[in-house]
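Where a number appears in this text, it was derived from the coordinates with a stated rule and is not lab data. Since this is a predicted model, take the numbers as computed values, not measurements. With ideal geometry, Cβ positions are generated from the backbone for all residues, glycine too; neighbour counts draw on all protein chains shown.
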Amino acid sequence: MDNKNNDNINQRSGMPRLPRSGYWFYGVMLVLLIVATFLFFNQNANSNPLVLSDVLAYLNDESIDVHEVEIAGTTVTMSYTDAQGKDGSITQSVPYEYVDDLVVELQKAEAKGQIEKYNYVEPVDWSAYIYIGFGILSVIVVVVLILNFSKQAKDGNSVFSFGSNRAKRTDPNKAKVKFSDVAGCEEEKEELAEIVDFLKTPKKYLELGAKIPKGALLFGAPGTGKTLLARAVAGEAGVPFFYISGSDFVEMLVGVGASRVRSLFEDAKKAAPSVIFIDEIDAVGRKRGAGLGGGNDEREQTLNQILVEMDGFEVDTNVIVMAATNRSDVLDPALLRPGRFDRSIYVSNPDASEREAILKIHAKGKPLGKDVNLKELGLATTGFTGADLENLLNEAALLTARRNKKQIGQLEVSDAMFRVMMGPEKKSKKVTDGSRKLTAYHEAGHAIIVRAISSTEKVDRVTIIPAGGAGGYTAYSSREDYSFYTKEMILQSVKVALAGRAAEELFLGDISTGASNDLQRCNKLVRDMIKRYGFSENYANLVFEDDSDEVFIGSTYGRVQGYSDKTAEAIDDEVKKIIASCYEEVKAILLEKKAIVEGLVARLFEKYKVDGAEFEQIYLSNGDLTKLDSTIEVKDESNKVEDSSAEDNSGEDNSAEDKKDLGDKEE
């Protein structure tokens, strides 16, 4: 993980990033140079050179009987018997220039009978080989350095190539992504089909004088498949695909980003027909001159270069520029004008049928059990994006492996869905009886109000097992997808949010901080009803939005109230009136359903977790647990959490945000 982070830092700062294999090469070369240098300079350092007279002194000494002299290169070995009759030998090195003279003297000594024999081996001049080796090694090092710098310059990672193109080019013949690999997004794919056809047969359009959009901007929520759609365009057309992030253009040095833009477009034109895809273009394409401190010179120069390159396209370049962002509202208007990104494609969250299709794609290669119904799962995952659905099935597979099962069952899929929403269950967390009791009544209140008043939501799970930042949660989901909400639907959501606090007050005689997130949510909903949607009784069809259009100086820094203080006071009074009315209605319903509340609380104390089917039986049996169908009882003993005699911490606010609008999750 650290290596990846370091690589990213080097790329952002413009520093050259050396390949890992390069470190090994230079390390080996350095070691070889050190060893060779040591051997070369140590060759004569360890020797004990004798002059010729020193060697001849042994030969001329009458008290020493020399038997044999062996000369191997510059090493002389002499075997002898001294005056005391002891045998011995000496081994010495003599300078190379003395070897020939020594051989002449040995021949004379042998002729005189001073030595019995001598052996001579022609010396090898290793210094010549060492010099040749050094020369070859130096040439190899220089060649490798040149090749390495050339490769880095080509990749844009060299110190001499700050302004080079850093886009990753994908081969159209490898790992193709087709439109068939993108589930859902039917309208989006139709919009992009024209671009694909132009890349395949540009002549048809050019002959008619038609101009294909030079740029297509994909915008939408994270995880909806914008990058996948761009890859599918390149895969369908079978053309090179240049991928780069908007942040790759931005550097500390002014002018580097603009240079990289020029390099990118030059490479794309050479590879035409091709697709350039700039991900997270808002990193470089934000409105110019915005912000408290003025504009960013480097970013604005880079944006200017992008504008020039896109506007400078000729009709027959066959290069399509695509970009993706989650914040199209912050982009410079010049980017969105006709002639640049003149086609904006909104990639929305998938609906129920599209979620089912996405699940089928990600379920390939995963052994699903017969009880897994992808259609029902698609209905239950309202608000999930394609990335969320992929993560859900992956989590289900991980849970299945953890439980040593061979097939992914409905239990694993359900647990994975709530794991994605809330995080892993904290079954080992110590919970006091007081906290558990408060949480049980709180969550029972939410669940029963959902079932009693909502015609659009159904309860999926009620649990008092801590998960994420919550001590328990009630998860509920829509029966179908909605593109808008009525006034009655919003009021139902307000009542559901208030149900936890009402249950605490009615059945425990006290209230806790666990409802803080509920209260924030219902207050926001009611204020939006009055100020944004025109649902006010006193100010029907009037909207009181704050004048805060500036997205660069903070959401509240530049906010100006667009209505009088008297109107604000009237809005506050109406908010108070609506919330109080809903709260009293919720308490009345809970008192009427008291038996169901007590039955659900008893079941939660016993099993800690109640799924949707079991909750429905408890509700229909008016809380009579003896009428439950034993076939749907929770049998997972690991649901139980640890008891503790520690002090009750029910006053701690452990509420959690509703991550997928699938339900309420509270302490």
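Compute the separation of the alpha-carbon centres of segment 329-362 and segment 426-467 and state it in Å as a whole number.
So the separation of the two Cα centres works out to 37 Å.
In what sequence, highest mean first, do 571-581, 377-387 appear when ranked by Cβ atoms within 10 angstrom?
Taking the mean over residues of other Cβ atoms within 10 Å, the ranking is 377-387, 571-581.
How far is it, in nm, from the label point at R403 to the one at I64 when both lie 7 Å from their Cα along the line to the Cβ?
So the label points at R403 and I64 sit 9.2 nm apart.
Please list, ordered by chain and number, the residues whose modelled amide H lies under 5 Å from the amide H of M322; skip anything fewer than 5 residues away on the same chain.
Sorted by chain and number, the residues that satisfy this are A216, I276, F277, I278.
Calculate, for V543 and R288, the FRET efficiency according to 1/(1 + (r/R0)^6) with r their C-beta to C-beta distance and R0 30 Å; round to the nearest 0.05.
On the way: r = 31 Å, r/R0 = 1.02.
That pair, V543 with R288, gives E of 0.45.
At most 12 other Cβ atoms within 10 Å and a DSSP loop assignment: could you name the GluC sites (Glu not before Pro) in segment 399-446 that fit?
Working: sites: E412, E425, E443; in loops: none.
Those that pass, being in a loop and sparsely packed, number zero.
Of the listed pairs K178/K200; K176/K226; K168/K360, which have alpha-carbon separations greater than 23 Å here? Before the final figure, lay out each step's value.
Values: K178/K200 14 Å; K176/K226 16 Å; K168/K360 30 Å.
Check vs 23 Å cut-off fails for K168/K360.
For segment 349-426, report the translational diffusion coefficient in µm²/s to the nearest whole number, using Stokes-Einstein at 4 °C, 1.567 mPa s, and a Kirkwood Rh over Cα pairs. If you can, show how the numbers build up before the last one.
Details: Rh = 12.3 Å.
Translational diffusion coefficient: 105 µm²/s.
Mind scanning K370/K627; K437/K627; K211/K269; K531/K576 and naming the pairs with a C-alpha gap bigger than 19 Å?
Those over the limit are K370/K627; K437/K627.
Let's test the formula: R0 of 25 Å, r as the Cβ-Cβ distance of E190 and K375. What FRET efficiency results, to the nearest 0.05? Kindly include the intermediate steps, with their values, before the conclusion.
Details: r = 25 Å, r/R0 = 0.98.
Rounded to the nearest 0.05, the efficiency is 0.55.
Pull out the extension gain between K200 and K364, defined as 0.36 nm times the separation in residues minus the alpha carbon to alpha carbon distance; nm, one decimal.
Working: separation 164, 0.36 × 164 = 59.04 nm, distance 3.04 nm.
Extra length from K200 to K364 when fully extended: 56.0 nm.
Report the local net charge at K108: Lys and Arg +1, Asp and Glu -1, summed over other residues whose C-beta lies under 15 Å from its C-beta.
-3
If the chain between I132 and K427 were fully stretched, how many nm would it gain, using 0.36 nm times the residue separation less the Cα-Cα distance?
Details: separation 295, 0.36 × 295 = 106.20 nm, distance 7.21 nm.
Answer, rounded to one decimal: 99.0 nm.
Report relative contact order for segment 310-411 in percent, whole number only (criteria: Cα-Cα under 8 Å, sequence separation at least 6). Don't skip to the end; give the middle numbers.
Details: 76 pairs, mean separation 27.3, N = 102.
The normalised contact order for segment 310-411 reaches 27 percent.
Ranked from highest to lowest mean number of other Cβ atoms within 10 Å per residue, what is the order of the peptides 595-603, 96-104, 200-208?
Working: 595-603: 20.3, 96-104: 13.8, 200-208: 12.0.
Per-residue Cβ counts within 10 Å, averaged per peptide and sorted highest first, yield 595-603, 96-104, 200-208.
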